[in-house]
Amino acid sequence: MLKLRRKWSDHITTMKNLFNLFLMLFAAMPILSFSDNPTNFSESCEDGSGETGSSFGIGFGLVLDFGLYRNSCPEAESIVYSWVETTVLQDPRMAASLLRLHFHDCFVNGCDASVLLDDTEGLVGEKTAPPNLNSLRGFEVIDSIKSDLESVCPETVSCADILAMAARDSVVVSGGPSWEVEVGRKDSRTASKQAATNGLPSPNSTVPTLISTFQNLGLSQTDMVALSGGHTLGKARCSSFTARLQPLQTGQPANHGDNLEFLESLQQLCSTVGPTVGITQLDLVTPSTFDNQYYVNLLSGEGLLPSDQALAVQDPGTRAIVETYAADQSVFFEDFKNAMVKMGGITGGSNSEIRRNCRMIN
């Protein structure tokens with residue numbers, strides 16, 4: 001019995017020693033923080049309600065969060081979706097317009113709703129920049145969404161977040177994939193017509209120019225080709241694709257694989273009504289459906305914009321991605337979702353607020 005007691009006593013002493021050693025090691029361990037990671041991931045973000053969510057941000061340190069409005073404005077996402085669903089049902093083209101608003105916002109000094117600001121005596125907005133003038137649509141839809149949100153959650157949901165959610169919902173109601181939108185963006189108190197003029201990709205851009213433009217925003221070549229798939233929706237004026245008609249003047253295809261029959265149909269359209277008036281679908285096969293038909297069209301020489309068709313003919317790397325997406329829609333959807341979250345994480349500057357009216361600063 002004495003030997004047994006000594007044995008248990010030895011066990012207890014050993015356990016105490018191990019426990020004390022564990023405490024010493026734990027106290028000496030460094031605290032892991034993703035903010036030290038050069039990829040700029042943040043471990044978590046609190047919204048003041050105890051909710052946390054993983055976050056990503058490119059830009060000026062603004063941390064975005066998946067769960068920011070869960071307590072502060074739980075109706076936010078349903079209000080945005082309801083407006084988008086109703087509007088797109090009435091005007092299917094509006095899906096592309098709302099998606100494009102988000103693109104044109106994020107590409108100019110980050111996703112800060114600067115694209116929504118009207119010109120005033122002391123501020124020149126981005127709406128009159130050449131890539132936007134008589135081109136961007138959907139401002140009234142954003143106004144209606146904002147008005148509803150202000151009545152339910154005053155000064156809570158930013159206009160920039162509305163643009164991000166409306167872009168996602170436009171894809172969803174058009175048959176495309178869904179993803180969780182990070183929120184927490186702020187609205188800029190300034191705008192830059194010059195940045196909008198110079199920073200937005202041109203419909204005549206070459207592949208090297210597109211790659212460079214996207215890389216400057218932290219977006220990869222794969223992101224660029226995936227995001228270009230947004231052109232599976234929407235329309236374009238003849239003036240934006242006149243360069244595609246040049247082979248008809250020379251009689252020789254400008255690019256290997258050009259579809260001359262397709263180009264002849266475009267020329268007939270544009271010569272009948274004029275280049276500033278003529279308008280056609282970016283995807284003639286499934287014009288109101290978010291799918292991978294855009295990439296199938298590129299492989300058959302039926303990309304509408306020069307910058308679209310270039311993806312399939314100017315660079316082997318982008319060609320390979322186009323072929324992958326044309327063959328497997330699920331791969332395109334997955335890459336598109338990831339690229340949209342990544343683009344949505346391009347945040348604006350520090351001179352910001354949550355606007356009560358998306359067209360003007362408070």
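The values are calculated or read from the model by the stated rules, or taken from the named source; none is laboratory data. All values derive from a computational prediction rather than experimental measurement. Ideal geometry is used to build each Cβ from the backbone, glycine not excepted, and the neighbour counts take in all protein chains shown. Keep in mind that these areas ignore ligands, DNA and RNA; they rest on the heavy atoms of the full protein, side chains included. Shrake-Rupley method; radii C 1.70, N 1.55, O 1.52, S 1.80 Å.
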Check your understanding: Restricting attention to segment 133-182, which residues are part of a loop (DSSP other than H, G, I, E, B), of a type in the set (A, V, I, L, M) and in contact with a helix residue (DSSP H, G or I) (Cβ under 9 Å, 6 or more places away or on another chain)?
Key -> L136, V157, V181
Practice item. Give the number of residues within segment 278-301 that are in contact (Cβ under 8 Å) with a residue 40 or more places away in the chain, part of a loop (DSSP other than H, G, I, E, B) and open to solvent by 30 Å² or more (accessible area, probe 1.4 Å). Key: 5
Exercise for review: Could you tell me whether segment 213-226 includes any residue that is open to solvent by less than 50 Å² (accessible area, probe 1.4 Å), modelled with pLDDT of 95 or more, acidic (D, E) and touching a Ser or Thr at 6+ places or on another chain (Cβ under 6 Å)?
Suggested key: no
Review point. Taking the stated definitions as given, is L123 touching a residue at least 24 places away in the same chain (Cβ under 8 Å), touching a Pro at 6+ places or on another chain (Cβ under 6 Å) and surrounded by fewer than 23 Cβ atoms within 10 Å (Cβ to Cβ)?
Key: no
Study note, to complete from the structure: Quick count over segment 348-360, residues being at pLDDT below 95 and open to solvent by 40 Å² or more (accessible area, probe 1.4 Å), is 4
Exercise for review: List the number of the failed condition for L304; all other conditions in (1) touching a strand residue (DSSP E or B) at 6+ places or on another chain (Cβ under 7 Å); (2) open to solvent by 40 Å² or more (accessible area, probe 1.4 Å) hold.
Suggested key: (2)
Review point. Would you pick out the residues in segment 307-347 that are open to solvent by less than 20 Å² (accessible area, probe 1.4 Å), farther than 26 Å from T242 by Cα and assigned to a helix (DSSP H, G or I)?
Key: Y325, F332, F336, A339, M340, M343, G344
